[in-house]
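Q: Dumping the structure here so I can ask a few things about it.
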Amino acid sequence: MDLSIEKVREAHQTLAELSFEKKPVVRGYANRTLYINLSDHSIQIKPVTQQMKDLFTGGRGFCLWLLWNAVRDDTRWDDPENELVIAGGPIGGITAYPGTGKCTAVTISPLTKSIIDSNGGGYFGPYLKFAGFDALEVQGIADREVVIFIDGVSGVVRIEDAPLEPMDTHLLNPILFDLYAEDERGKRNLSSVTAGSAAEYVPMCGLNISYYDPRRKEIRIKQAARGGAGTVLRQKNIKAIVVRTPDVRGDSNGVANMDLIRKAGQRINKEITEFDSSQNDMAGTGTPYLVEIMSRFDLLPIENFRFGSDDRAAQIAGEIWKPMFDRRGPDGCWYGCTMACAHAVPHFHLTTGPYKGQVVFVDGPEYETLGAMASNLSIWDPGQMLELNFYADTYGIDTISLGNSIAFAMECYEYGILTKERTGGLDLTWGNFESTITLIHQMAHGEGFGVIVGQGTRYMAELFAEKYGADPQLMKDIAMHVKGMEISEYIPKESLAQQGGYALATKGAQHDEAWLIFMDMVHKQLPSFEDKAEALWYFPLWRTWFSLHGLCKLPWNDIIPTSNRSLPPKEAAKVPEHVENYRWLHEGVTGVPVTIEDILVQSERVYQFQRVFAARLGYGTREYDYPPYRAMGPVTVKEYESRAERYDTQLKEEVGLQLDGMTTEQKMAALRKYREERYDKLVDAVYRRRGWNHNGIPTVETLRKLGIDFPEVVAVVNKFGE
Ligand code: SF4
């Protein structure tokens, strides 16, 4: 089919349109949100109230509040009532400080069935605000394929039918950018949200957020990958959401005090210039620098999290990728991000699938993709990694969920639970690239065993026990997810605090909430349950704050200032100088000075509210707060023996056992009892610190203290008792 832009344009009938008055952003807020219902084609503009700002701040807070008011207690992810809500945040969009271009998507998840939030870089959050809206909520289901176009230049929102465009992101984006930009320069003012063809068949698909890179003349993509927001996008029959902004200027955010913002920006930019290359080398290597470190500390997932290090990790380490990355310009995924870590590999020749023979630009790989799709599957070839990375992205699949799910299937294949007969002929031995890429293509075409794998680890664990007679306990122990969301790519076995970091996160096992492995396991700064509970209170709240304001976490602690050197280690982990920068940014943008306590309260309101929201949907209680045992300790003899010295020492020194004459199986059972009891004690300590009851429900007193004790919120809490 000859898909000329003229043909595509002709086919775009306007289904609904609303003109709106253009208004400047004032002190970080557009002061309006946009509501679109695809079932009845209604488009509304809603005011942002002072109460919304006071209680929910912006970003993820706004998303949760809007969604709470849109759904019923029994709304399912695929009901028309479910919404996809996306917002940046008040600080997001400034250009004088690195990492201010993030947005957060919130929805009821097809993967977890509960409430999820997923953050992504790229330009969509700031552009949505500069176009006129602090948040976008999309409800209903279109009866045909549509594109939503939000035009902040002419002041129009349109729902257009879009029958001709292809689904996969690398084909769809160039058409969208040609369609909605007046000329080449105009592409800079566009950002799109898309998914990919796999989002029609599997629940683990994320959002691709795209922007134009004028130096390379490429459309770049970043993902809000976790929890299935892309599957929701496609279930609503949305091909894309496109926003067009007026030109971005240094003062587009209508800030209160630019000098204060510049002061913070100059301080951190100087540090990045001086220290980045000798610290994490984000501008040169980006997140792949972590591969080597994780393998060295026995934390890199190998073969479904069984092992933590492998000499072959050197084949996919940062220094392999660095010379392959495109150097035609800086790699910030928002204006002014001097961390510039969003690297990409140009001119990659595809060797499989529907696009075989095409030469493509591959955004990534990031560390999480390498952990999930390379080491965890024992695929160590960089070229094969790029092929997997590219297809996962263009099909819209979250690489963390994807990698863990394939790893789970490979382990089941090793144990004979899966056979070639059951996989449709695929040989799922470790390291089999051909089978792995075939599974991914199958997910995009809704066929074969790939569709089963694409349902995720929780689904497969239940299915294989029921259908193939697999031991249900083994299935539970090795399915690396929490609450249905696959675990990020750091082995938490030897860090109790990180087990809590994953399993006590409201949405599921995602590392953006708490990353405590080094503090706990390596530096031993959290010796008591109370120390761990305190860290599991402070850090999730601190990190929540980024998602309220449209900020990227990386500039907070991936560059370390010299002022940290004189601090006690536990204080140093908070990077106080950068916390001060964020206080200046808040005051600089909104005009409202904040202390660190104010920051934590802003976050806590949203955090506790999200926990109640999960409970409202039937999930946010204690039984969902447990990781699979493999996240706590060794499930198999082979695993125990790979770290026997560590485990034996723990049994002797902490449990007080005499090990002479004990078999490995007996030692494993003793270790499991000890570690499971220890985890239970941690849960109790964290619940106390967070102001939750024994069942993990925030108490009414906790809600009252934060001012979010609305009758409908208290009613949810009361259902579970004190
Ligand atoms: S630090 Fe990296 S991921 Fe974060 S905004 Fe900058 S370029 Fe994007």
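Q: Can you pull out every residue in region 603-622 that is hydrophobic (A, V, I, L, M, F, W, C) and open to solvent by less than 10 Å² (accessible area, probe 1.4 Å)?
A: Val606, Phe609, Val612, Phe613, Ala614, Ala615
Q: Across region 312-337, which residue is farthest from Glu274 (Cα to Cα) among those that are more than 16 Å from the ligand (Cβ to nearest atom) and open to solvent by 20 Å² or more (accessible area, probe 1.4 Å)? Working first, answer last.
A: Step one: filter region 312-337 for residues more than 16 Å from the ligand (Cβ to nearest atom), giving 312-317, 319-320, 323-324.
Narrowing further to those that are open to solvent by 20 Å² or more (accessible area, probe 1.4 Å): 312, 314-315, 319-320, 323-324.
Details: Arg312: 32, Ala314: 27, Gln315: 29, Glu319: 20, Ile320: 24, Pro323: 21, Met324: 24 Å.
Taking the candidates together, the pick is Arg312.
Q: Does Thr57 qualify as being buried (at least 24 other Cβ atoms within 10 Å of the Cβ), over 26 Å from Cys337 (Cβ atoms) and within 22 Å of the chain's Cα centre (by Cα)? Don't jump to the end; show me each part of the working.
A: Numbers: buried (at least 24 other Cβ atoms within 10 Å of the Cβ): yes; over 26 Å from Cys337 (Cβ atoms): no; within 22 Å of the chain's Cα centre (by Cα): yes.
The answer is no for Thr57.
Q: Do you know which residues across region 152-166 are open to solvent by less than 10 Å² (accessible area, probe 1.4 Å) and closer than 16 Å to Val248 by Cβ?
A: Selection gives Gly152 alone.
Q: May I pose another question? For region 254-276, does any single residue satisfy the condition of being under 21 Å from the mean Cα position of the chain (by Cα) and either within 30 Å of Glu145 (Cα to Cα) or not polar (S, T, N, Q) (or both)? Give the steps one after another, and end with the answer.
A: So the first thing to find is which residues in region 254-276 are under 21 Å from the mean Cα position of the chain (by Cα), and the list is none.
No, that holds for no residue.
Q: Among the residues of region 115-142 satisfying the criterion of being open to solvent by 10 Å² or more (accessible area, probe 1.4 Å) and within 26 Å of Gly456 (Cβ to Cβ), which is farthest from the ligand (Cβ to nearest atom)?
A: Ile141
Q: Next question, about the same structure. Considering region 220-252 alone, what residues qualify as being within 16 Å of the ligand (Cβ to nearest atom) and not charged (D, E, K, R)? Let's see the steps before the verdict.
A: First pass over region 220-252, keeping only residues within 16 Å of the ligand (Cβ to nearest atom): 220-226, 248.
If the condition is that a residue be within 16 Å of the ligand (Cβ to nearest atom) and not charged (D, E, K, R), then Ile221, Gln223, Ala224, Ala225, Val248 are the ones that fit.
Q: Starting from residues that are in contact with a strand residue (DSSP E or B) (Cβ under 9 Å, 6 or more places away or on another chain) and among the aliphatic types (A, V, I, L, M), keep the ones in region 338-376 and report whichever is surrounded by the fewest Cβ atoms within 10 Å (Cβ to Cβ).
A: Val359
Q: Residues of region 685-711 being open to solvent by 10 Å² or more (accessible area, probe 1.4 Å) and either of a type in the set (Gly, Ala, Ser) or without any contact (Cβ under 8 Å) to a residue 60 or more places away in the chain (or both), which ones?
A: Gly691, Asn693, Thr699, Val700, Glu701, Arg704, Lys705, Gly707, Asp709, Phe710, Pro711
Q: Looking at region 244-297, which of its residues are basic (Lys, Arg) and closer than 30 Å to Val153 by Cβ?
A: First pass over region 244-297, keeping only residues basic (Lys, Arg): 244, 249, 262-263, 267, 270, 296.
Residues satisfying the conditions are Arg244, Arg249, Arg262.
Q: Here is a further query. Here is a list: Gly371, Gly357. Which entry is away from the ligand (no atom under 16 Å from the Cβ) and touching a Gly at 6+ places or on another chain (Cβ under 9 Å)?
A: Numbers: Gly357 fails: touching a Gly at 6+ places or on another chain (Cβ under 9 Å).
Testing whether each residue is away from the ligand (no atom under 16 Å from the Cβ) and touching a Gly at 6+ places or on another chain (Cβ under 9 Å) leaves just Gly371.
Let's see how each residue does on (1) in contact with a Leu (Cβ under 8 Å, 6 or more places away or on another chain); (2) open to solvent by 20 Å² or more (accessible area, probe 1.4 Å):
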{"residue": "Ala198", "(1), (2)": "no, no"}
{"residue": "Lys217", "(1), (2)": "no, yes"}
{"residue": "Arg226", "(1), (2)": "no, no"}
{"residue": "Lys239", "(1), (2)": "yes, no"}
{"residue": "Gly250", "(1), (2)": "no, yes"}
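Q: With respect to Ala407, is the statement that it is closer than 22 Å to Ile379 by Cα, assigned by TED's automatic domain parsing to the domain that holds Leu299 and crowded, with 22+ Cβ neighbours inside 10 Å true?
A: Values: closer than 22 Å to Ile379 by Cα: yes; assigned by TED's automatic domain parsing to the domain that holds Leu299: yes; crowded, with 22+ Cβ neighbours inside 10 Å: yes.
Yes, satisfied.
Q: Would you point out which residue out of Trp515, Trp556 is within 16 Å of the ligand (Cβ to nearest atom), in contact with a His (Cβ under 6 Å, 6 or more places away or on another chain) and not small (Gly, Ala, Ser)?
A: Numbers: Trp515 fails: in contact with a His (Cβ under 6 Å, 6 or more places away or on another chain).
Just one listed residue meets the conditions, Trp556.
Q: What is the residue count in region 73-104 for residues that are open to solvent by 10 Å² or more (accessible area, probe 1.4 Å), more than 16 Å from the ligand (Cβ to nearest atom) and closer than 21 Å to Thr33 by Cα?
A: 2
Q: Tell me the residue from Ser118, Ser39 that is touching a strand residue (DSSP E or B) at 6+ places or on another chain (Cβ under 7 Å) and more than 26 Å from Val592 (Cα to Cα), please. Outline the logic, then answer.
A: Working: Ser39 fails: touching a strand residue (DSSP E or B) at 6+ places or on another chain (Cβ under 7 Å).
None of the other options fit; the residue is Ser118.
Q: What do you reckon, is Gly456 surrounded by 24 or more Cβ atoms within 10 Å (Cβ to Cβ) and among the small types (Gly, Ala, Ser)?
A: Working: surrounded by 24 or more Cβ atoms within 10 Å (Cβ to Cβ): yes; among the small types (Gly, Ala, Ser): yes.
Spelling it out, Gly456 is indeed surrounded by 24 or more Cβ atoms within 10 Å (Cβ to Cβ) and among the small types (Gly, Ala, Ser).
Q: Would you mind stating whether Tyr647 is within 28 Å of Gln510 (Cα to Cα), open to solvent by less than 20 Å² (accessible area, probe 1.4 Å) and free of Cβ contacts under 8 Å to residues at least 40 places away in the same chain? Break it down into steps so the answer makes sense when it comes.
A: Numbers: within 28 Å of Gln510 (Cα to Cα): yes; open to solvent by less than 20 Å² (accessible area, probe 1.4 Å): yes; free of Cβ contacts under 8 Å to residues at least 40 places away in the same chain: yes.
Taking the combined requirement at face value, the residue satisfies it.
Q: Given the criteria open to solvent by less than 20 Å² (accessible area, probe 1.4 Å), closer than 22 Å to Pro711 by Cα and of a type in the set (Ser, Thr, Tyr), does Thr49 qualify?
A: Numbers: open to solvent by less than 20 Å² (accessible area, probe 1.4 Å): no; closer than 22 Å to Pro711 by Cα: yes; of a type in the set (Ser, Thr, Tyr): yes.
Answer is no for this residue.
Q: When you scan region 568-575, do you find a residue that is part of a helix (DSSP H, G or I), surrounded by fewer than 16 Cβ atoms within 10 Å (Cβ to Cβ), away from the ligand (no atom under 16 Å from the Cβ) and more than 27 Å from the chain's Cα centre (by Cα), even just one? Can you show your working first?
A: The first filter runs over region 568-575 and keeps only residues part of a helix (DSSP H, G or I), leaving 569-572.
Now drop any that are not surrounded by fewer than 16 Cβ atoms within 10 Å (Cβ to Cβ), which leaves 569-571.
Going one step further and asking which of them are away from the ligand (no atom under 16 Å from the Cβ), we end up with 569-571.
Restricting the remaining residues to those that are more than 27 Å from the chain's Cα centre (by Cα) gives 569.
So far as region 568-575 goes, yes, one or more of its residues are part of a helix (DSSP H, G or I), surrounded by fewer than 16 Cβ atoms within 10 Å (Cβ to Cβ), away from the ligand (no atom under 16 Å from the Cβ) and more than 27 Å from the chain's Cα centre (by Cα).
Q: Return a yes/no flag: does region 153-163 have any residue that is hydroxyl-bearing (Ser, Thr, Tyr) and more than 16 Å from the ligand (Cβ to nearest atom).
A: Yes - at least one qualifying residue is present in region 153-163.
Q: Show me the helices (runs of 4 or more DSSP H) found entirely inside region 440-528 where at least 2 residues are among the charged types (D, E, K, R).
A: Values: elements: 449-453, 457-468, 472-478, 496-503.
In region 440-528, the matching helices (runs of 4 or more DSSP H) lie at 457-468, 472-478.
Q: Right, next: Go through region 257-274 and report how many residues are within 13 Å of the ligand (Cβ to nearest atom) and part of a loop (DSSP other than H, G, I, E, B).
A: Residues flagged as within 13 Å of the ligand (Cβ to nearest atom) and part of a loop (DSSP other than H, G, I, E, B) within region 257-274 amount to 0.
Q: How many of the residues making up region 275-311 are open to solvent by 30 Å² or more (accessible area, probe 1.4 Å), more than 16 Å from the ligand (Cβ to nearest atom), assigned by TED's automatic domain parsing to the domain that holds Ala409 and closer than 30 Å to Arg328 by Cα?
A: Total meeting the criteria: 2.
Q: Looking at (1) modelled with pLDDT of 95 or more; (2) open to solvent by less than 20 Å² (accessible area, probe 1.4 Å), can you tell me which one Lys476 breaks?
A: (2)
The values are calculated or read from the model by the stated rules, or taken from the named source; none is laboratory data. None of the values given here were measured: they were computed from a predicted structure. Counting neighbours? That spans all protein chains shown, and the Cβs are built from the backbone with ideal geometry, glycine included. Remember, those area values only see protein heavy atoms, side chains included, never the ligands or the DNA or RNA. Shrake-Rupley method; radii C 1.70, N 1.55, O 1.52, S 1.80 Å.
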